[in-house]
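Working notes, beginning with the structure itself.
The values are calculated or read from the model by the stated rules, or taken from the named source; none is laboratory data. Everything numeric in this text was worked out from a predicted model, so none of it was measured. Note that we place each Cβ from the backbone using ideal geometry, even for glycine, and neighbour counts take in every protein chain shown.
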Amino acid sequence: MTETTEVSQGNPSVEMEEDEEYRRQLALFVQSCTEKGIELVKIGELIAGLPQRRAFLDIGAGGGDLTIPVSSSFETTTVVEPNELQARRLQRRCPSFRVVNERWDRVGLGPERFDFVLCSHVLYYIPEGAWVSTIEKMHDHLAPGGCMAIVIQSPMGEVAEFFSRFTRYDVNILGLWGELIRRYGDEAVEVRYFINEIYTECLDDMVSIGLFLLIDRNFRHHKDEIRNYFESRHRTPEGYRIRQDDILLVIRK
């Protein structure tokens, strides 16, 4: 049985991939799944209901695959990205953005307020015990009438089953939801659910995506087991396919 590790940057045993390999895996993931398109539709629905669209804040923007299309709806865009190389590339690509190369918990934005705050697939890199305080800081920077969108992997579904085979992903979503309702009120908090599909023609690509999802480069040692897992469970006549269930937490102010 594979030794399990916790999916969280707060776990000191986790080692992030080297930048070049991480970029390759990320690009492969983006081109192989339907998530970004579905997520943009969901985000578009939220933006359409905003009373004002002046300022947008994206926390953990990565390569900007969501940031750039969302930014077109706002007058100004601020990005917080802790990865120095990713932040540098995004700044070169979008010089009009204000890019802050820092961890969210260390960023000081003073009295600035934003009409829309996005935090997509970032919480895994933060110890779960700090999730509420992380979200609270985001909420502090929301303008009146604004909303924030937090996207997180569901603990159910095929990708969650993959995690359960090789690592531990046991997030108390109901507990987090309940705590957010307690803090901000039932009418301010909404949970949406969406499913996307990850498809590749070859097994090597699906294995690379599996390593990207697991975050920790130590799982390279289990490449053969990961390969066998996808071959036995997710092979189709056309290639390899796995479904990812995502949760969209929406908090309005």
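Figures for the structure shown
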item	result
Members of the range 112-162 that are of a type in the set (S, T, N, Q), in contact with a strand residue (DSSP E or B) (Cβ under 9 Å, 6 or more places away or on another chain) and without any contact (Cβ under 8 Å) to a residue 40 or more places away in the chain	T134
Residues that are loosely packed, with under 15 Cβ neighbours inside 10 Å, under 17 Å from S71 (Cα atoms) and not basic (K, R), drawn from the range 83-111	P95, S96
Candidate set from the range 163-196 (those that are of a type in the set (V, I, T) and outside any loop (DSSP other than H, G, I, E, B)); member that is modelled with the lowest pLDDT	I173
Residues being under 20 Å from M156 (Cα atoms) and small (G, A, S) - total across the range 206-231	1
Cβ pairs under 7 Å, 6+ apart, first in the range 100-111 and under 13 Å from M138 (Cβ atoms), second surrounded by 11 or more Cβ atoms within 10 Å (Cβ to Cβ) and of a type in the set (A, V, I, L, M)	W104/I59; W104/V80; V107/V80; V107/V100
Filter result for the condition that a residue is among the acidic types (D, E), in contact with a helix residue (DSSP H, G or I) (Cβ under 7 Å, 6 or more places away or on another chain) and under 26 Å from I43 (Cα atoms), over E197, E190, E179, E231	E179
Residues that are surrounded by 15 or more Cβ atoms within 10 Å (Cβ to Cβ) and in a helix (DSSP H, G or I), drawn from the range 226-249	I226, R227, Y229, F230
The range 46-70 residues that are touching a residue at least 24 places away in the same chain (Cβ under 8 Å), paired with ones that are in a loop (DSSP other than H, G, I, E, B) and surrounded by 24 or more Cβ atoms within 10 Å (Cβ to Cβ) (beta carbon under 6 Å, 6 or more apart)	A61/E81; T67/A61
